[in-house]
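Read-outs throughout are calculated quantities, based only on the coordinates presented, and are distinct from any laboratory measurement. As the structure is a prediction and not an experimental result, all values here were calculated from the model. In this analysis, Cβ positions are derived from the backbone assuming ideal geometry, glycine residues included, and neighbour counts consider all displayed protein chains.
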Amino acid sequence: QLVGIDPRILTMDGLSYRHLFGDVISLPFDKSWGVLDIGEYHTTLTLFHNIEGSTQEPVRVELVRSMAKGLQHIRSGLKQTFDFTDEEINDWIFEYLDLTPSISDTDPRILECVHRAMGPFLSELRRTIASLQQRQSLSPQRLFVTGGGAHIKGVCSYLTTRTGIETALLEISSIKSNEEVKWPHHDHTYAKALSLALQSLNKTTYAKLNFR
């Protein structure tokens, strides 16, 4: 989060963030936790584990799982069921939809459609967590949600109810550091050079980089 590096681009699931930067303090209240990145087409679950008593590797990535399910599945479900335009679907997802259990005043037909669209995603998420529990006896005590799906009202309460794991939005305040992160100062030409470099990655035959 602090340096913007996605561990998947390093192709090392067990990579310790300690090897990337040494000033990060792990979340003290949980032995293990997860970050759920709900994107447009994919959702990525990254599970972390606090290593008690370790100074060289206090935080370790235990699992990185990418699921081919995201906001697009909700959009497709709404489009197939209702005669909505793309703009109306976007408004429904981010303005009117409320997934908060029991108290949501969203049209029941919309809620049923969204719940149906999210069913396969929730099943895969639960299977992934259950598999980790069986193989390594680890279970995340908390999930932090980020990505476009984090903007849906009530998504944290919804996931808490459906997974049984306390869920909250991932915010900068959730991650502490010994030192304030200082970004280098660049002039206006830097943005142009960076955009050209990133555009060239679209033509590469290698795996795309995830800069989220």
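Numbers below:
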{"read-out": "Label-to-label distance, nm, for residues given as ALA197 and GLU87 (7 Å Cα→Cβ offset)", "value": "3.8 nm"}
{"read-out": "Net lengthening on full extension, THR189/ARG126 (0.36 nm per residue, minus Cα-Cα)", "value": "18.0 nm"}
